[in-house]
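Q: Here it is: the structure, laid out below.
The values are calculated or read from the model by the stated rules, or taken from the named source; none is laboratory data. Nothing here was measured: the structure is a model prediction, and the numbers come from that model. Positions of Cβ are generated from backbone atoms using ideal geometry, with glycine treated the same way; all protein chains shown enter the neighbour counts.
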Amino acid sequence: MGRIFPLTLALVGIMFFSCTEGTGSIGIPPSNEGLETSVASYNVYSQSLKIDSIKAHSSASYLGSIYDPETNGRLTGNFVTQFSLMEGFKCFPPMDSITSLDGNGRPCCDTVLLQLNFDSYYGDVNTPLKLAIYPLDMNNPLCEDSTYYTNTDLRKYIRPGYENNPIATKVFTAWDRIYGSDPSNTSANSYPSIRIPLPLSEGNRIMDMYWQYLEDNKGLAGDEHVNRNFDDSYNFIRNVMPGYYAEIINGEGVMVRVFVDALYLIYKARVFNDSIVEETSSYTVFAGTSEVIQSCQFSQSDVASLVADQSCTWLKSPTGICTELTLPIDEIFSGSHQNDSLSRVELMLHRYNKEQTGEQFSIPDNLLLVRKSEMNKFFNTNKTPDEVTSFLTTYQSTYNTYTFTNISQLATFINKEREAAVMDYIHNELKIDNPDEEVIAQQMQEWTLRHPDWNKCCLIPVEVTTNTSSGTITSVSHDLSLKSARLVKGTEDNPIRIQVYYTRVTSGS
């Protein structure tokens, strides 16, 4: 970026004039210097792009099967869940206080429930779907340091021998409700939830392993444990409860957003109440949290027709169609603007209204603008927008647009990156210390051909999480909900226009 004097920097945004109009100084410049400002617009071209790898770790899971009117095909959502265990957590009351006993007089469960709480749905609330639950394999666990995608084959993590033998099935609708957080509660506060009864053996095995854990570690400090099965989530998942795979096996017409899932082990136990011993229904709950794996898998009919659509570009989730932009970096930094500084670069994208036919998905709320070459790294390393190579914006319903008000740092970064790479190649590979302009121009052209994505960025629907007290963005992930939008396509005949505002320091007379 060219020099910007501190005294005049704050005045940059006050006045702008067209390149075709006269420009003059603003404010009170130094004795022999002035500040000129100008504005120009350039063409941006766009196309739809299919994202093959969408990171599936999110704050919610999706379960269901719907007809997608935009692809004329079926979209199905399944997911896997693990359960976390807090360090030092006492899973069950003392063994001798549990009054639910099996035929051998050993404490056991009366009921085992997998509970899926959902906060929203798409489709017909009364449509029944059939769900199957499969146990996961302890010897092939989903690992915290691995990345799972929406096209990952989750079935390969099912416990051997159960691939075609679910331990439970359930027919449900989006109308299903429970009362309160306790499955045995009958209070009036209801919310949507799917409850799947599991075999008692699933809970009894956990109980037995817990009593063995206590016996093996009796009198030992935590760092001395010889049995670590219930020390933490890592050991719990690998040795006790690796989790479950939930799969839709029949039906179509609804998709629910599961925001909390939990495994309830319900039993009877003795408790003291004012020195009176009473028998009461109790439960132990293991919850799926963000600290362990919650991963979705989506299967979708071919979306090639949408990617090939020349009338617009698409934003579509969770099937992963984004809009690719080609930024006019050469034009922005060419001609009379080679040594100018960018004070603002504004990009506005217009959305087409939806056709009023069939079911309609909602509009993406948040869009991430990120360099195409950095897209996978951004999500896989859990980055947040840095306002240099990645930016966020929200949908503006008043104007039916998405606007990035200032991506000047992105344009400058891309231009400087290319310049540095070309000069590095000339110096270190060609061994030319003082190249002339012709050499630089030739190598610039050849470098550009070798790096076709150098000036390309992607627009991606995302889900944004912020700190409730500070408003700081804490995470940005792929939006896995049902969203879509059609944007005006930038073509040779009808390009998208990007507005560039320049400043230039000039010498006075």
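Q: Given the conditions (1) of a type in the set (Asp, Glu); (2) exposed (fewer than 14 other Cβ atoms within 10 Å of the Cβ); (3) in contact with a Phe, Trp or Tyr (Cβ under 8 Å, 6 or more places away or on another chain), and given that Glu70 satisfies all but one, which numbered condition is not satisfied?
A: (2)
Q: Now for a different question. Name the one entry in Leu113, Leu154, Leu136 that is over 30 Å from Ser281 (Cβ atoms) and surrounded by 14 or more Cβ atoms within 10 Å (Cβ to Cβ).
A: On the way: Leu113 fails: over 30 Å from Ser281 (Cβ atoms); Leu136 fails: over 30 Å from Ser281 (Cβ atoms).
None of the others qualify; the one that does is Leu154.
Q: Only residues that are among the charged types (D, E, K, R) and either out of contact with any strand residue (DSSP E or B) (no Cβ under 9 Å at 6 or more places or on another chain) or at pLDDT 95 or above (or both): list them for region 107-136, please.
A: Result: Asp110, Lys130.
Q: Do you know which of the residues in region 451-487 that are surrounded by fewer than 21 Cβ atoms within 10 Å (Cβ to Cβ) and of a type in the set (A, V, I, L, M, F, W, C) is modelled with the highest pLDDT?
A: Per the criteria, the residue is Trp454.
Q: So, in region 73-99, of the ones that are part of a strand (DSSP E or B) and over 21 Å from the mean Cα position of the chain (by Cα), which residue ends up surrounded by the most Cβ atoms within 10 Å (Cβ to Cβ)? Even if it seems obvious, please write down each step before you answer.
A: The first filter runs over region 73-99 and keeps only residues part of a strand (DSSP E or B), leaving 73-81, 98.
Among the residues that remain, those that are also over 21 Å from the mean Cα position of the chain (by Cα) are: 73-74, 98.
On the way: Gly73: 15, Arg74: 13, Ile98: 19.
In this case the residue turns out to be Ile98.
Q: Any chance region 424-431 includes a residue that's under 24 Å from the mean Cα position of the chain (by Cα) and among the basic types (Lys, Arg)?
A: Within region 424-431, not a single residue is under 24 Å from the mean Cα position of the chain (by Cα) and among the basic types (Lys, Arg).
Q: Additional query: Only one residue in Val303, Val260, Val285 is out of contact with any Asp or Glu (no Cβ under 8 Å at 6 or more places or on another chain), without any contact (Cβ under 8 Å) to a residue 24 or more places away in the chain and either of a type outside the set (A, V, I, L, M) or farther than 30 Å from Glu437 by Cβ (or both), so which one is that?
A: Answer to the selection: Val285.
Q: Another question about this same structure. Which of the residues that make up region 353-377 are at pLDDT 95 or above and among the aromatic types (Phe, Trp, Tyr)?
A: If the condition is that a residue be at pLDDT 95 or above and among the aromatic types (Phe, Trp, Tyr), then no residue fits.
Q: When the residues of region 48-72 are filtered to those that are part of a loop (DSSP other than H, G, I, E, B) and among the hydrophobic types (A, V, I, L, M, F, W, C), which remaining residue is nearest to Gly288 (Cα to Cα)?
A: Among those residues, the one meeting the criterion is Ala60.
Q: Which one is farthest from Asp96 (Cα to Cα), of the residues in region 269-301 that are within 22 Å of the chain's Cα centre (by Cα) and part of a loop (DSSP other than H, G, I, E, B)?
A: My answer is Ser301.
Q: Let me ask something additional. Being at pLDDT 95 or above and among the aromatic types (Phe, Trp, Tyr), is that true of even one residue in region 379-386?
A: No - not one qualifying residue is present in region 379-386.
Q: Would a scan of region 128-138 turn up a residue that is out of contact with any Asp or Glu (no Cβ under 9 Å at 6 or more places or on another chain), under 24 Å from Ser59 (Cβ atoms), part of a loop (DSSP other than H, G, I, E, B) and in contact (Cβ under 8 Å) with a residue 60 or more places away in the chain?
A: No: region 128-138 contains no residue that is out of contact with any Asp or Glu (no Cβ under 9 Å at 6 or more places or on another chain), under 24 Å from Ser59 (Cβ atoms), part of a loop (DSSP other than H, G, I, E, B) and in contact (Cβ under 8 Å) with a residue 60 or more places away in the chain.
Q: Then there is this: Which of the residues belonging to region 206-251 are within 22 Å of Ile196 (Cα to Cα), small (Gly, Ala, Ser) and buried (at least 18 other Cβ atoms within 10 Å of the Cβ)?
A: Result: Gly243, Ala246.
Q: Considering region 390-419 alone, what residues qualify as being in contact (Cβ under 8 Å) with a residue 24 or more places away in the chain and in a strand (DSSP E or B)?
A: Answer for region 390-419, where residues must be in contact (Cβ under 8 Å) with a residue 24 or more places away in the chain and in a strand (DSSP E or B): Leu392, Thr393, Thr394, Tyr395, Thr401, Tyr402, Thr403, Phe404.
Q: Scanning for something over 24 Å from Thr472 (Cβ atoms) and out of contact with any Lys or Arg (no Cβ under 8 Å at 6 or more places or on another chain), does region 383-398 turn up at least one residue?
A: yes
Q: Give the residues of region 349-362 that are in contact with a Ser or Thr (Cβ under 9 Å, 6 or more places away or on another chain) and surrounded by fewer than 17 Cβ atoms within 10 Å (Cβ to Cβ), sorted by residue number.
A: Hits for region 349-362 are His350, Tyr352, Lys354, Gln360, Ser362.
Q: Where in region 430-509 are the strands (runs of 3 or more DSSP E), entirely inside, with at least 3 residues that are under 21 Å from Ile414 (Cα atoms) and in contact (Cβ under 8 Å) with a residue 60 or more places away in the chain?
A: By residue number, 456-466, 496-507.
Q: Take region 100-113 and flag every residue that is among the charged types (D, E, K, R) and under 43 Å from the mean Cα position of the chain (by Cα).
A: Selection gives Asp110 alone.
Q: Next question, about the same structure. With the condition kept exactly as written, say whether any residue in region 291-305 is of a type in the set (D, E, K, R), surrounded by fewer than 17 Cβ atoms within 10 Å (Cβ to Cβ) and under 30 Å from Phe92 (Cα atoms).
A: Pass one, region 291-305, residues of a type in the set (D, E, K, R): 291, 302.
Checking the rest, the ones that are also surrounded by fewer than 17 Cβ atoms within 10 Å (Cβ to Cβ) come to 291, 302.
From the residues that got through so far, the ones that are under 30 Å from Phe92 (Cα atoms) too are 291.
The answer is yes, given that some residue of region 291-305 is of a type in the set (D, E, K, R), surrounded by fewer than 17 Cβ atoms within 10 Å (Cβ to Cβ) and under 30 Å from Phe92 (Cα atoms).
Q: Considering only residues that are touching a Leu at 6+ places or on another chain (Cβ under 8 Å), farther than 19 Å from Ala56 by Cα and of a type in the set (Phe, Trp, Tyr), which ones fall in region 269-303?
A: Across region 269-303, the qualifying residues are Tyr283, Phe286.
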